[in-house]
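Nothing in this text is a laboratory measurement; each read-out follows from the coordinates by a stated rule. In this text the structure is predicted, and so the values were computed from the model without any measurement. Cβ atoms come from the backbone with ideal geometry, glycine included; neighbour counts cover every protein chain shown.
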Amino acid sequence: MPVRFFHYLMVAPVQLLLLVIIGVPSLFVLWQGLTEFSYGQEAVFVGLDNYRNILADRAFWRAFTNTFIIVNAVVYVELAAAIGVSLLFAGGVPLRRLMIAILLVPYAVNEVTAVVMWRFMLEPNVGMITQLLETVGLPSLNWPIDRWHALTVIVLLSVWLHLPFTTIIIYTARLSIPQELYEAARTDGASGWQTFFYVTFPMLIPAILIALLFRYVFAFRIFGEVWLLTRGGPAGSTEVLATYLYRHSFRYLELGKASAIGWVMLVTTLLMAMPYLRQVYKRMLSQNE
């Protein structure tokens, strides 16, 4: 038996499982997106009408724009914070174990609990953070009625919730960098910034790509933070694609259109992830060939 065929045979059960769990339902949802139906109604084939209606809907493009803004803000703010925290920990910060434990606290908090907690702290009249901002002379975040304030709160909340994930990836990669490289940089008289740009950052790029890939995919599906905090308001100004899909599916019962929205989200996510997948393959997987 050829070695390559044996390898394929060994992974066949996993591939079959993925096909059954992911592939078949995805194809079924694709078919649903080509029909018009609801609960208790027979599906009627309408072709690409659902997709045309979605692309002609101003609410869809507003939700798409909000999703794009939130995702990019969350991913890159989170990445910058994770790199900074990782370098701080790797540099020998006092009480490092305690600080790492504090960093991981958001992962131990249920998402619903976290959003409700932030909602109370940011309440415009009596919230703890609102009063603190007023005490130091800063304007409060009027997120219930201001779109950009609401988007800012959503970004900060999402970064706080998911920063541990990105930090663990970056911090682990930082610890794996050989100390000999830093000793050589110090011997050559490199400054701290030169050491970062020419030693640390290039060695962190594979981990950064993996973190970006996962966070882009997960952040693009953001739902809980938006729905529990603003429900897409005020007047739909903070609607994202996931809440847009939820409304058409469970509020308006337009299941065919909701299926089409789901496929639009899937294709968009794949297009966003493709450059990072290509870079990960070039930098990591190709080394094993």
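Some values worked out for this structure:
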{"item": "Residue satisfying condition, being more than 13 Å from the chain's Cα centre (by Cα), surrounded by fewer than 18 Cβ atoms within 10 Å (Cβ to Cβ), hydroxyl-bearing (S, T, Y) and assigned to a helix (DSSP H, G or I), within set Y171, Y182", "result": "Y182"}
{"item": "In segment 110-125, the residues that are part of a loop (DSSP other than H, G, I, E, B) and touching a residue at least 12 places away in the same chain (Cβ under 8 Å)", "result": "L122, P124"}
{"item": "Which numbered condition G189 misses (of (1) over 24 Å from the mean Cα position of the chain (by Cα); (2) more than 30 Å from V105 (Cβ to Cβ); (3) part of a helix (DSSP H, G or I))", "result": "(3)"}
{"item": "Listing of helices (runs of 4 or more DSSP H) fully contained in segment 24-106 that carry 2 or more residues being of a type in the set (V, I, T) and under 21 Å from V240 (Cα atoms)", "result": "58-90"}
{"item": "Out of T130, T152, sole residue that is on the phi < 0 side of the Ramachandran plot, surrounded by 11 or more Cβ atoms within 10 Å (Cβ to Cβ), in contact with a Pro (Cβ under 7 Å, 6 or more places away or on another chain) and not small (G, A, S)", "result": "T130"}
{"item": "Boolean, V71 is surrounded by fewer than 18 Cβ atoms within 10 Å (Cβ to Cβ), under 30 Å from T230 (Cβ atoms), in contact (Cβ under 8 Å) with a residue 60 or more places away in the chain and aliphatic (A, V, I, L, M)", "result": "no"}
{"item": "One residue from V217, V199 being touching a residue at least 40 places away in the same chain (Cβ under 8 Å) and of a type in the set (A, V, I, L, M)", "result": "V217"}
{"item": "Members of segment 231-271 found to be in a loop (DSSP other than H, G, I, E, B) and buried (at least 18 other Cβ atoms within 10 Å of the Cβ), listed by number", "result": "G232, G236, T238, E239, V240, E254"}
